[in-house]
Amino acid sequence: MKGNIEERACRMAQYIIENKATVRAAARAFGISKSTVHKDLAERLPAFNRPLYLQVKAVLEVNKAQRHIRGGIATRKKYKGG
């Protein structure tokens with residue numbers, strides 16, 4: 001998924017907004033690292049598409065607020081064997 005960074009950042013932002021996806025899920029879907037997703041969305045996207053950045057930022061803030069819950073669920077699954 002190399003090439004036009006602006007296009008990639010916009011596509012990732014749309015994916016996250018439409019699917020309420022996490023950075024990890026977006027990285028998996030686009031075949032790139034979490035660091036690249038974060039850099040594209042947090043640093044590059046605001047420079048050329050501020051309205052889209054504000055939308056994706058809202059989704060990522062919700063994900064950040066819920067991550068401790070997701071971690072607890074994952075740990076429970078791990079130790080229950082399910």
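The values are calculated or read from the model by the stated rules, or taken from the named source; none is laboratory data. Predicted model only: the values in this text are computed from it and were never measured. Neighbour counts are summed over all protein chains in view; Cβ atoms, including those assigned to glycine, are modelled from backbone coordinates with ideal geometry.
How many residues does the range 6-16 hold that are in contact with a helix residue (DSSP H, G or I) (Cβ under 6 Å, 6 or more places away or on another chain) and exposed (fewer than 15 other Cβ atoms within 10 Å of the Cβ)?
Adding up the residues that qualify gives 1.
I need every pair where a residue in the range 42-64 that is at pLDDT 95 or above has its Cβ under 6 Å from the Cβ of a residue that is β-branched (Val, Ile, Thr) and crowded, with 16+ Cβ neighbours inside 10 Å, sequence separation at least 6 or different chains.
Taking only residues 6 or more apart or on different chains, the pairs are 56/16; 59/16.
Can you pull out every residue in the range 37-73 that is under 19 Å from residue 5 (Cα atoms), assigned to a helix (DSSP H, G or I) and touching a helix residue (DSSP H, G or I) at 6+ places or on another chain (Cβ under 7 Å)?
Scanning the range 37-73 gives 37, 38, 40, 41, 44, 45, 46, 48, 52, 53, 55, 56.
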